[in-house]
Every structure is written in structure tokens, then in C-alpha cells.
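Taking it in order: structure first as C-alpha cells, then the write-up.
None of the figures in this text is laboratory data; all of them are computed from the coordinates on show. Quantities reported herein were computed from a predicted structural model and do not represent experimental measurements. Note: ideal-geometry Cβ built from the backbone for every residue, glycine included; neighbour counts use all protein chains shown.
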Amino acid sequence: MKILVCLKQVPHQDARLDVNAESSWIKEDGIKFEINSYDTFALEEALRAKDADASTEVVVASIGPERVTQALRTALGMGADRAVHVKDAAVDGSDALGIARLLAAVAKEVGPDVVLMGLMSDDSNASAVPPMLAELMGIPHATAVVKVEKTGAGFRVERELEGGALEVVDLPLPCLLAVQTGLNQVRYASLKGIMAAKKKPIDVKTAEALGLAGQVGAGAAKVRIQKIYQPPKGEGAEILTGSADEVVSKLVGKIKELGLL
Amino acid sequence: MGSILVVAEIQKGAIREASYELVSFAKKLGGDVSSVVLGSGIAGEAEAFAKRGGGKVYVADDPALANYNVDGWAGAIRAAADASGADVVLLSNTPSGWDVAPRLAAGLDAGFVSDAFDARPGPVFVRRVFNGKLDAEVAPTGGKVVVTVQPGALAAFEGTSEGATEKLALDLSGLRAKFVETRVAEAKGVDLTKAEIIVSGGRGVGAPEKFPEVIQPLAAALGGAMGASRPVVDAGWLPHEYQVGSSGQVVTPKLYIACGISGAIQHLVGMKGANYIIAINKDPDAPIFEIAQLGVVGDLFEIVPKLTAAVKSAKG
């Protein structure tokens, strides 16, 4: 079986978020990046399939500037076989549909039996690319997947619904699964894995090489962020100040006032 | 603004509340509203929706649509979108809505906006990004746009409309995904919904052993229960039964103390109904402080043990 795992590199969850001068996105200079948390669970699920059947090939793909190499090296260090890096300034400003087009072109070259990726990204929070990619590839998909089980013809998956309910769905191959966090326990790259990863290939592609010149990037985007900003502060919380002891004494006072102490 | 198609969902045999919220959202954008209702044996619900804001209602009524099916939903909504010629298609950001909406957008070669909580004519859509830390205003660059809307963001539409229904002719023979069953959540070992006081810990608690060491003692001292946010459960620090949020338990205690919880939307949905919220977090910009009444910007490992001791001594 061949598995394509799509990864996004996102600002670290603890990174300081300052809006850029154009108010179009955050300032990316000087902040740390990491693999999108949701995508790490997708990668782990693929690596487990490989652990169970050594003939499984795991290909990781990502889109972005040079820094993305780090994310791909991490994925290779964890056990993926090879990587595809779409690195091209012409793709900057792509909307989700542009990203899906690029990944669909990568998928066409890879020819996976299943595509695994995270339900959403920690930066855009949009859950947009996976179903778009499945549509462009002409394959069925499921999102918010919390359990994956191989069946004779494909996969039986559990989708997370509201209030803890689950939906069980059977999907044939090929298909795309967008996974929820908590699906598994994600491994760390071992030192041996990291050393081995240095020899694994990263295939670098441009939009033109993927046959998408002029069809992706800011000029082709169907939606555009006009403005990004700190949410307007409402009344918000009254912030207690003073020493820890003073703060604690005020908290106790409030809990008493609520009649709970 | 041209025409807007509202995708209404059936839940427990009736049009769900979120679908009426979509009508309110459409009114905010301005434009002619038509709708599509999907399900099996739903002619009556479609008729009612036509009179309660849905306007002209396209009816996708087929036994194959009795349960959510991605291919079935995508095909039926596409048929309604083509029939109505809508410029904007609105879906609720529910498990069905978020699953099908981007697929529909790609099929229509349309723009896509996810989980909008506000809008204005233009159209311009407002949504949260970076797990609630920033807001973004997003606009289509010209063509059609598919939008999912955060449930509960707007009040449900309560007016009337002059509408008629039209049954869609659908070919649902080629469905690839097969619905097997819906499973209800297992009974919870920890029922937080009845707790009067909940002390919850988030990613900021840092390690699994800190829950029994720091969070649980405060909960015990107050005679309350311990809860957690999703990252804690995902990391395996606590079982799912402790999770407060949209995919865990929705709680309404008299007092909710959030320790090291930044306040992602999915957590806020689960606890914003608390009568009083105290937040302790080292990040002054954490969204949790927007919803809390009282906040402490500081180190929870310093504040919480002192608070536990003070509560114990106050109780004598």
C-alpha cells in the first residue's frame, strides 16, 4: 500500500503572534515553526500501517518556503520513506483551493491508495484542504476521523460527531482521511531515524513543474484575507494585580461572595 | 448581493436550530434566500421551512440520504446550487457541514470560507484563526463562495417567508462511502454536567502528574470536580471523560476555574454557560480572559497551591 501524508508547517503553538504591516497575516520573522499538530497524528497513523506491513510506502508532501525542509526532515526521521516539497514563491498567497490543486498534482504523480492528513491547521483553522483535495482527486473522503481500521476493500473509520457521538463509515480505496487529534500516540524521531533521514530523498517541485503555472498563488485565489487583527476586547475579565498572596486572598473573597465557600 | 442558498439540516426529525441561524446570516448579507433540505421522508419539514425563512426550498428526499453521506450530500447540494444559481452557499459548521462544504466549493470552482461567525454585505466574512487568538476578515475575489457558519453565532431567524418546495431529481446510485451506524457516546465515568464547581487544567499544566498534584487538590478543597481541555486528553494525560468542550462535556457550573487553558473555541463552547469564570494563565492575550469574569495573569504553579491552602483554611 502507498500512503501520501500531507503536512503543513505552522507557527509553534506558543509563538508570539504579531500582525504584519499589511495586516494580511502574522510576522513570520524570528518565530519557531512546527508540524501542524493534527498532521502529526496523520503521519503516525501512516507509520503504524508501515510498521504492520513493511511493504507500505509512506510519502510526505508539504508546500512552503525553505523552512519547510525542517518539517519534512522530521517526518523522514520519524520513518517516512520520501518527501515531496513544493517550494515556489509563485504559490505564495494561494487560498485553500490553490493548495488543494498543488497537492492533487503531487498526488497524481505519487499515486497513493490512501491520503492521510490533519482535519485542520493550527494557524488557519479552516478544515478546507482535505475535502477539496479529495474532490479534485475524484475520491471519497471522511473528516474528523478518530479511528481507522483496514478492511478487505478499504477502511472502516469512525468520525467524531457532536457531544461525543461517533459515525461509522466504510470507504473503498483510494480514499482520503482527515484525522482528528488524539487518534493515536505520536512517536518521536529516534537518533537513528534522524541519521537515516539524511539519506532519504526530498523531491523539490515548482508550480510550473506540476503543470499549474498561473493556476495557483495570490492571483488565482478565490478568497483573500482583507484584514487580520486581535479580536476586539470586550469587557473581558477583571485582571487581579498584586502579589500572589494578595491575588489569592481576592480570589477567596470572590468565591465566598458567590456563596461557594 | 445576488442570491443565497441555505443548506438546512435535519436533526431528530426536525430542521435544526443552526439552519434558522443560517437564515439570519443570509439576511445580514442581504439577497434572495432559497434553501435545500436533505433527508428521507422530509416533505413536511421542507414545507415548514419554506414558510419560516427558507424561501424557495429544494427538497433532496431520498432513502439514501437518511444518514449523512458525503457523496450524496455533495451531489444533492450541487444540484440545488445549480438550480438556484446561488452566488453564496451557506452551511452550518457541523460534522456534516464541515465535511461536505469544501468538497462542494472545489466542485463549483468557488471560494471557501470556514466557520464564519459574522458577515456584512460585500460580502465580507469574519472568522477566528490561530485557535481563537486572532480574527480575520475574508472576502471572495469575484466568483461564487461557499461558507460554513459557526453554530450559535447568530440568533435563529424567527420571521416568516413566502416559499414553495421543489423536489430535486437526484441520481444517488454511485455513493462510494457507506454509512454503517451512529454510535452514542458511552456513559461517562465522570459526570461534570452536575458539578457546581469545576477546576479545569489545560496544556499549561504541562505534565500528567501535575493534575493530581496541583489541579485535583483545588477541586477537592472546593468540593468540586476536575476537568480538562482537549490537548490534555489528546496527550493521554487524562481520559476523555474529563474533557470539557464541544467534543466532550458541555458544563454549566456555578464556578469554573480554568488553569493554563488558553481558550480555544472548542473549549469555550463547553464552559461559557458557567455562572462565573475565573481564569489563571501566564499569557495576558489568552482568549480565555475575554470570557472570564476574573483573571490572574501569572504562574498557575504558584497561584493554585496557595489558593488551595487558602480555601482549606477558610473552610477551617
| task | Name the strands (runs of 3 or more DSSP E) wholly inside region A:81-198 in which the number of residues that are under 30 Å from A:ARG16 (Cβ atoms) and touching a Leu at 6+ places or on another chain (Cβ under 9 Å) is 3 or more. | result | A:82-86
| Is there a residue in region A:216-239 that is more than 7 Å from chain B (Cβ to nearest Cβ), part of a loop (DSSP other than H, G, I, E, B) and surrounded by 13 or more Cβ atoms within 10 Å (Cβ to Cβ)? | yes
| message | Looking at region B:186-226 only, could you name the residues that are free of Cβ contacts under 8 Å to residues at least 40 places away in the same chain, buried (at least 20 other Cβ atoms within 10 Å of the Cβ) and either touching an Asp or Glu at 6+ places or on another chain (Cβ under 7 Å) or within 14 Å of another protein chain (Cβ to nearest Cβ) (or both)? | response | B:ALA219, B:GLY224, B:ALA225
| field | B:LYS144 being among the basic types (Lys, Arg) and surrounded by 14 or more Cβ atoms within 10 Å (Cβ to Cβ) | value | yes
| task | All but one of (1) of a type in the set (Val, Ile, Thr); (2) surrounded by 17 or more Cβ atoms within 10 Å (Cβ to Cβ); (3) more than 7 Å from every other protein chain (Cβ to nearest Cβ) hold for B:THR160, so report the exception by its number. | result | (2)
| remark: Flagged in region A:165-181 as buried (at least 19 other Cβ atoms within 10 Å of the Cβ) and of a type in the set (Gly, Ala, Ser), in numbering order, are A:ALA178
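Out of all the residues in region A:186-201, which are in contact with a Gly (Cβ under 6 Å, 6 or more places away or on another chain) and either within 10 Å of chain B (Cβ to nearest Cβ) or among the small types (Gly, Ala, Ser) (or both)? Show your work before the answer.
Looking only at region A:186-201, we keep the residues that are in contact with a Gly (Cβ under 6 Å, 6 or more places away or on another chain), and these are A:189, A:193-194, A:197.
Scanning region A:186-201 gives A:ALA189, A:GLY193, A:ALA197.
Determine, yes or no, whether B:VAL250 is within 29 Å of B:VAL184 (Cα to Cα), within 10 Å of another protein chain (Cβ to nearest Cβ) and either out of contact with any Ser or Thr (no Cβ under 6 Å at 6 or more places or on another chain) or without any contact (Cβ under 8 Å) to a residue 40 or more places away in the chain (or both). Before the answer, list the steps.
On the way: within 29 Å of B:VAL184 (Cα to Cα): yes; within 10 Å of another protein chain (Cβ to nearest Cβ): yes; either out of contact with any Ser or Thr (no Cβ under 6 Å at 6 or more places or on another chain) or without any contact (Cβ under 8 Å) to a residue 40 or more places away in the chain (or both): yes.
Answer is yes for this residue.
Against the definition (surrounded by 19 or more Cβ atoms within 10 Å (Cβ to Cβ), facing chain B (nearest Cβ under 9 Å), more than 25 Å from B:PHE112 (Cβ to Cβ) and out of contact with any strand residue (DSSP E or B) (no Cβ under 8 Å at 6 or more places or on another chain)), how does A:VAL248 come out, yes or no? Before the answer, list the steps.
Numbers: surrounded by 19 or more Cβ atoms within 10 Å (Cβ to Cβ): yes; facing chain B (nearest Cβ under 9 Å): yes; more than 25 Å from B:PHE112 (Cβ to Cβ): yes; out of contact with any strand residue (DSSP E or B) (no Cβ under 8 Å at 6 or more places or on another chain): yes.
When the stated conditions are applied, A:VAL248 passes them.
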| For region B:38-63, which residues satisfy the criterion of being more than 20 Å from B:TYR20 (Cα to Cα) and crowded, with 17+ Cβ neighbours inside 10 Å? | B:ASP62
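Given the structure, is B:LYS315 within 10 Å of chain A (Cβ to nearest Cβ) and surrounded by fewer than 19 Cβ atoms within 10 Å (Cβ to Cβ)?
Considered against the rule, which asks whether it is within 10 Å of chain A (Cβ to nearest Cβ) and surrounded by fewer than 19 Cβ atoms within 10 Å (Cβ to Cβ), B:LYS315 comes out as yes.
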| field | Residues being over 17 Å from A:GLY242 (Cβ atoms), more than 7 Å from chain A (Cβ to nearest Cβ) and not aromatic (Phe, Trp, Tyr) - total across region B:288-308 | value | 4
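So which residues in region A:6-58 are of a type in the set (Asp, Glu) and over 26 Å from A:LYS108 (Cα atoms), if there are any at all? Reasoning before the result, please.
Going through region A:6-58, the residues of a type in the set (Asp, Glu) turn out to be A:14, A:18, A:22, A:28-29, A:34, A:39, A:44-45, A:51, A:53, A:57.
Correct list: A:ASP14, A:ASP18, A:GLU22, A:GLU28, A:ASP29, A:GLU34.
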| query | Of A:GLY79, A:GLY30, A:GLY93, which residue is under 21 Å from A:ALA128 (Cα atoms) and not hydrophobic (A, V, I, L, M, F, W, C)? | reply | A:GLY93
| Meets criteria (outside any helix (DSSP H, G or I), touching a helix residue (DSSP H, G or I) at 6+ places or on another chain (Cβ under 6 Å), within 14 Å of another protein chain (Cβ to nearest Cβ) and not β-branched (Val, Ile, Thr)) for A:LEU261 | yes
| query | Any chance region B:137-157 includes a residue that's at the interface with chain A (Cβ under 8 Å from one of its Cβ atoms) and within 14 Å of the chain's Cα centre (by Cα)? | reply | no
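Could you check, for region B:112-119, whether at least one of its residues is more than 12 Å from chain A (Cβ to nearest Cβ), within 21 Å of the chain's Cα centre (by Cα) and either outside any helix (DSSP H, G or I) or farther than 18 Å from B:ASP32 by Cβ (or both)?
Looking for residues that are more than 12 Å from chain A (Cβ to nearest Cβ), within 21 Å of the chain's Cα centre (by Cα) and either outside any helix (DSSP H, G or I) or farther than 18 Å from B:ASP32 by Cβ (or both), one finds at least one in region B:112-119, hence yes.
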| query | Just one of the numbered conditions (1) farther than 28 Å from A:THR143 by Cβ; (2) touching a residue at least 12 places away in the same chain (Cβ under 8 Å); (3) more than 13 Å from chain B (Cβ to nearest Cβ) is not true of A:LEU210; which one? | reply | (1)
| Which residues, counting only those in region B:266-289, are in contact with a Lys or Arg (Cβ under 7 Å, 6 or more places away or on another chain) and part of a helix (DSSP H, G or I)? | B:GLN266, B:HIS267
